[in-house]
1. Give the lysines reachable from LYS171 as a straight Cα distance under 19 Å; neighbours fewer than 8 places away on the same chain don't count.
2. Kindly flag which residue pairs out of LYS379/LYS406; LYS344/LYS406; LYS210/LYS275; LYS439/LYS510; LYS463/LYS514; LYS9/LYS249 have an alpha-carbon separation exceeding 20 Å in this structure.
3. Using all Cα-Cα distances in segment 281-404, what percent lands in each 5 angstrom bin from 0 up to the longest?
4. So which chymotrypsin sites (Phe, Trp or Tyr not before Pro) in segment 547-606 end up in coil per DSSP with only 14 or fewer other C-beta atoms within 10 Å?
5. Please work out how much length the chain gains when fully extended from GLU376 to LYS643, using 0.36 nm per residue of separation minus the C-alpha to C-alpha distance, in nm with one decimal.
6. What number, in percent, do you get for the relative contact order of segment 172-223 if the mean sequence gap of Cα pairs under 8 Å and at least 6 apart is divided by its residue count?
7. Rounded if a/c is under 1.5, else prolate if a/b beats b/c, else oblate: with a ≥ b ≥ c from the C-alpha gyration tensor eigenvalues square-rooted, which is segment 191-319?
8. Tell me, what are the semi-axes, in whole angstrom and largest first, of the equivalent ellipsoid of segment 172-223 as set by the roots of 5 times the Cα gyration tensor eigenvalues?
Amino acid sequence: MDEMEEELKCPVCGSFYREPIILPCSHNICLACARNILVQTPDAESPQSSRASGSGVSDYDYLDLDKMSLYSEADSGYGSYGGFVSAPTTPCQKSPNGVRVFPPTVPQPPQQHLLPQPGSLPPIPRNSCITCPQCHRSLILDDRGLRGFPKNRVLEGVVDRYQQSKAAALKCQLCEKSPKEATVMCEQCDVFYCDPCRLRCHPPRGPLAKHRLVPPAQGRISRRASPRKISTCTEHELENLSMYCVQCKTPVCYQCLEEGKHGTHEVKALGAMWKLHKGQLSQALNGLSDRATEAKEFLVQLRNSVQHIQENGVEFEACLVAQCDALIDALNRRKAQLLARVNKEHEHKLKVVRDQISHCTVKLRQTTGLMEYCLEVIKENDPSGFLQISDALIRRVHMTEGQWGKGTLTPRMTSDFDLTLDSGPLLQTIHQLDFVQMKVPAAPMLQLEECCTQNNSATLSWKQPPLSTITVDGYILELDDGNGGPFREVYVGTETICTVDGLHFNSTYKSRVKAFNASGVGQYSKTLIMQTSEIAWFTFDPASAHPDIILSNDNLTVTCNSYDDRVVLGNSGFSRGVHYWEMTIDRYDNHPDPAFGIARGDVLKDVMLGKDDKAWAMYVDNNRSWFMHNNSHTNRTDGGISKGSTIGVLLDFSRGIVIFLINDEQQGPVAFEGLEGVYYPAISINRNVQVTLHTGLPIPDFYTPGEADPTGSVC
């Protein structure tokens, strides 16, 4: 009920409607609000005075009316309420800016106006204009003013009941002391119940189980539904509305039919139209109710999405923090490793320098001692004693000096650290750190309206879910073998539509598709079951034909431009089932030997069919026929062909045999047995023969197929 409140408020004052009136555009407005938004327009001359003066359109002062669109009943859809001036029979004029307007109507004889009674509305100024506050359509009022608009008594009654339902809480009618607030009302019993009284006095079993319980507010409104009122005509206030004008779509009285403009219009009984429009409104409400139900379910879905977004946001934020913390931990560990390496280098340098210092210190001490000793020896005055040791001392001095040779006084280690941290790539990587695709694609949606089968081909179409933002690199389409076998890939690519040719006839295929990206492969779509054609329809295949072959009649008629035999295959291959097709001889000159049968896809195309081991055929002239495979001729049979003859080929994979017919009669015994694999219909002819192919034929009546797999063909 709260949602309905906006429908019950005036668009001008924003309060509940008070004495609502219906504007010609079907919108409502309070009577007092309508008077407040009236605008007075300048007076206009009458058409008679304008025509008498010979003036044109400029004689009408329509400058202010250019802001409004004034139309006749015929082209605006406005009803004839008599509350505005309309002139369906007067030619329309144009104001200076091109807006279509109608001149004022011919002035009516003056009528006697009574003084307003106390409490009544004051008179409306002449040439007043009102603009609908909702659709902004404008119109000029006639002499009756706002009284010419019908009152919306239905809306007024709904507002009254709604306000009453909000006035006070409803009490239980069965409580003995201090009645509790009612929770339900029974429409059949017409009683308000609280929960304890409902359980005690109105249990949901027996006959009471079928009673309809509604909320108290709704029950109060239905209980206080106002009795049906008798409406009076706005044109003739003393007449009751009893009929409905179909053309004007408004209730009318008998006097309107006898004297007014509705006399020539189609009218119907008011009660009948009331019931008809109620039914139409109820029917329209059913559709609107379905949309409202869908909207409620959608809102529930959106609210759930809000919760999921919040939960996923928290989870994703925690995951991001954990990933960044892991990066920081990895950086700290690397920092510790690099510091350990620096410390190692530092200790190594110190050790080398300290060892060199120790070595030089010892060496210097020895050198200094030798020098002091030599100086003391030089001070001695004993020549013979000096000469005894001088040579040894000289050698020691030279040897010691040699020990201080090149490199001895050079530092073995520099004080600089020859290490430079290469942080550039890492900093660049940190700057490039961003979110990438981390999820596999969602399951695609098969577009059933675009999926179909034709003959032994199937077309499938799919798309990603509408709200999916995950990148898709491609799709994988899978089909089973048409006999309940495992799925196999038939397409991998970026397209979203695919046609698969060469399927088995009369077979049921299951298909599904999935998407993939750098993160992996997503889920499968729903499985689609498709049925191929029951009977094989095919033509000759130009791609497999020898260049000398000439095809026509949509590849159903074949001839040749060479005197040598040339081969052409059908465009469908068969591997199981029972198939039958025929060929009629359109032209047969000089008694050639055309051959008919089946062949592998790689059969020789420049020799008679059956010459190699890739074909199984019957060749026939005007008197007799032979079966031939791998150039082996067998089963000569009398009976030949001529123009108009029909050759039939019956291929039965359930028994692995092929049978030939001429003019609906079997020609010889079973031609070949033990057939397995894929075979194509085939024929070899020369320029003396023209043949037309007929497919999609039923199995001949004389033949009873064996236990066969479903009929089909393969690529």
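1. LYS180
2. Working: LYS379/LYS406 32 Å; LYS344/LYS406 29 Å; LYS210/LYS275 27 Å; LYS439/LYS510 27 Å; LYS463/LYS514 10 Å; LYS9/LYS249 25 Å.
Pairs exceeding 20 Å: LYS379/LYS406; LYS344/LYS406; LYS210/LYS275; LYS439/LYS510; LYS9/LYS249.
3. Taking every Cα pair in segment 281-404, the percentages come to 2, 8, 7, 7, 6, 5, 5, 4, 5, 4, 4, 4, 4, 4, 3, 3, 3, 3, 3, 3, 2, 2, 2, 2, 2, 1, 1, 1, 1, 0, 0.
4. Details: sites: TYR563, PHE574, TYR580, TRP581, TYR588, PHE596; in loops: TYR563.
For chymotrypsin sites (Phe, Trp or Tyr not before Pro) across segment 547-606 that sit outside H, G, I, E and B with at most 14 neighbouring Cβ atoms in 10 Å, the list reads TYR563.
5. Details: separation 267, 0.36 × 267 = 96.12 nm, distance 14.58 nm.
This chain segment gains 81.5 nm when fully extended.
6. Values: 65 pairs, mean separation 19.0, N = 52.
Answer for segment 172-223 is 36 percent.
7. Values: a/c = 3.79, a/b = 1.74, b/c = 2.17.
Taking the square roots of the gyration eigenvalues as a ≥ b ≥ c, segment 191-319 is oblate.
8. Details: eigenvalues 53, 44, 11 Å².
Its equivalent ellipsoid spans semi-axes of 16, 15, 7 Å.
Every number in this text was worked out from the coordinates using simple rules, so none of it is lab data. The model shown is predicted, which means the values in this text are computed figures rather than measured ones. Counting neighbours? That spans all protein chains shown, and the Cβs are built from the backbone with ideal geometry, glycine included.
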